[in-house]
Amino acid sequence: MIPKIETASSAEIKAFQERKLMELLISLKENSPFYKALFEKENVDISKIKTLEDLQLLPVTTKEDLQKNNDDFMCVPANKIIDYATTSGTLGDPVTFGLTDNDLDRLAYNEAISFGCAGIKEGDVVQLMTTIDRRFMAGLAYFLGLRKMKVGVIRVGAGIPELQWDSILKYKPTYLITVPSFLLKLIEYAEAHNIDYNNSGIKGAICIGESLRSQDFSMNILAKKITEKWNIKLFSTYASTEMSTAFTECEHSVGGHHHPELIIVEVLDDNNKPVKNGESGELTFTTLGIEAMPLVRFKTGDIVQLHHEPCACGRNTLRVGPVIGRKQQMIKYKGTTLYPPAMNDVLNDFPMIESHIIEISTNDLGTDEILIKIAVKEQSDAFLQQLKDHFRAKLRVSPKIEFTTKEILNPLIYNPMSRKPIHFFDTRKSTF
């Protein structure tokens, strides 16, 4: 069932969000030590902020603000916190997010309507292939949302193809929640052990942590590799601990749908001004309905494009396109601007590449240097040249590439302290 606000007119959605914004600002001035001090410092008169356009009168909030002033963002006493989640910070130490009982209800609602967007419904069984521990918000959110939908959940956790297939064959889930590249490992295991994965009952997968689409919403190489073998529907989703909200694709696969009752979205340029329609910029959000740690104009660091045309599914909400890259991960290489996802797509064109990492450093001239390390089934100078030529054809430049082994790369990629595979390592002296 689609929430009524998501099929309302653009004008109705805007008016609804403006009412919620004014309520939020009053609450922050009363309860948030950080925002109370920030509004006073910047001479912000919240009574003048009545429209979404007026958001530009407010300063932005950054990850460094969260890092330096973590406790001052808390708007409720400690005894109201039911769950503690953490996310990585820009300065090293993790940032803590507290959630009240109502915040957990909001989290469950968010995931329920997001999974509903992807077609999951009561009666389905979902295999949860992500961790629910280590203060990780997403795994908990998925469980709460599915429980709210009265959907069966198999909490297998991350990794171990054998265990995943044991559960799939025993409990017959209809959907998976997973990092999409892991689906290739499931296919590989199934083929090696004569498992008929196309008759396993899996209808689709909600995919987290890695992109499935190009900017025109066509499937990227990773998505094509999966669906060429496994006849399942892939749904992309975009979320973060900071926003406690997800943008999930519907069956039409044209971007992650916005839930206007939960979050206000802007896309800003380098001067923190809204970009023109159709242009890309940094996704910036203001949360609605959060008690413990609401955020105003929080800059995510993710470069995206918004899409405003009504969707065939009936929702009139805006949609967030595939992440182009992270602002801090932008690379200037030989006069060309690159982001890691574009390089990943080039590498994924070659089935013989078994593992890879991308390392960015600062060279003696003070400019960006790229080193890509690959593990392949059979090393040859001819393949290396072919790969470099493909980079030049697709991205106009070819980085330095060297061979290594899976045994060296895999412990780096699948770090047990990380919640998702790591393919990008940035050691630059200064980042964007």
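Quick notes on this one:
- Single match in Gly209, Gly301 (criterion: small (Gly, Ala, Ser), part of a loop (DSSP other than H, G, I, E, B) and touching a residue at least 12 places away in the same chain (Cβ under 8 Å)): Gly209
- Count of residues meeting criterion [surrounded by fewer than 22 Cβ atoms within 10 Å (Cβ to Cβ), farther than 16 Å from Met74 by Cα and not hydroxyl-bearing (Ser, Thr, Tyr)] in region 285-303: 5
- Arg147 meets all of the listed conditions (1) surrounded by 15 or more Cβ atoms within 10 Å (Cβ to Cβ); (2) under 24 Å from Ala85 (Cβ atoms); (3) not acidic (Asp, Glu) but one, namely (1).
- Selection count where residues are polar (S, T, N, Q) and free of Cβ contacts under 8 Å to residues at least 12 places away in the same chain, scope region 304-346: 1
- Number of positions in region 358-375 that are touching a residue at least 40 places away in the same chain (Cβ under 8 Å) and under 26 Å from Ser218 (Cβ atoms): 1
- Scanning region 105-138 for residues that are among the small types (Gly, Ala, Ser) and under 20 Å from His257 (Cα atoms) returns Ala108, Ala112, Ser114, Gly116, Ala118, Gly119, Ala138.
- The single condition from (1) open to solvent by less than 30 Å² (accessible area, probe 1.4 Å); (2) touching a helix residue (DSSP H, G or I) at 6+ places or on another chain (Cβ under 9 Å); (3) within 25 Å of Pro294 (Cα to Cα) that Leu128 fails is (3).
Yes or no, residue by residue, for (1) closer than 23 Å to Lys327 by Cβ; (2) open to solvent by 80 Å² or more (accessible area, probe 1.4 Å); (3) modelled with pLDDT of 95 or more:
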site	(1), (2), (3)
Pro351	no, yes, no
Asn363	yes, no, no
Gln385	no, yes, no
Lys388	no, no, no
Arg392	no, yes, no
Phe425	yes, no, no
Arg428	yes, no, no
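- Criterion applied to Ala192, Ala158, Ala205 was being within 18 Å of the chain's Cα centre (by Cα) and open to solvent by 30 Å² or more (accessible area, probe 1.4 Å), and the one residue passing it is Ala158.
- Listed here are the helices (runs of 4 or more DSSP H) enclosed by region 1-90 that have at least 2 residues being farther than 21 Å from Thr300 by Cβ: 10-31, 33-41.
- Conditions (1) open to solvent by 30 Å² or more (accessible area, probe 1.4 Å); (2) within 25 Å of the chain's Cα centre (by Cα); (3) at pLDDT 95 or above; (4) within 24 Å of Asp270 (Cβ to Cβ): number failed by Thr61: (1)
- Taking region 102-115 as the range and being open to solvent by 10 Å² or more (accessible area, probe 1.4 Å) and closer than 28 Å to Lys185 by Cβ as the test, only Glu111 passes.
- Selected residue (only one of Met219, Met243 is under 28 Å from Ile422 (Cα atoms), without any contact (Cβ under 8 Å) to a residue 24 or more places away in the chain and not charged (D, E, K, R)): Met219
- Residue list for region 208-238, filter: in contact with a helix residue (DSSP H, G or I) (Cβ under 6 Å, 6 or more places away or on another chain), closer than 26 Å to His258 by Cα and modelled with pLDDT of 95 or more: Leu234
- Top-ranked residue in region 328-363 [being among the charged types (D, E, K, R) and in a loop (DSSP other than H, G, I, E, B); ranked as nearest to the chain's Cα centre (by Cα)]: Asp349
The values are calculated or read from the model by the stated rules, or taken from the named source; none is laboratory data. As the structure is a prediction and not an experimental result, all values here were calculated from the model. Using ideal geometry, Cβ is built from the backbone for each residue, glycine included, and neighbour counts are taken over all protein chains shown. Ligands, DNA and RNA are excluded from the accessible area calculation, which covers all protein heavy atoms including side chains. Shrake-Rupley method; radii C 1.70, N 1.55, O 1.52, S 1.80 Å.
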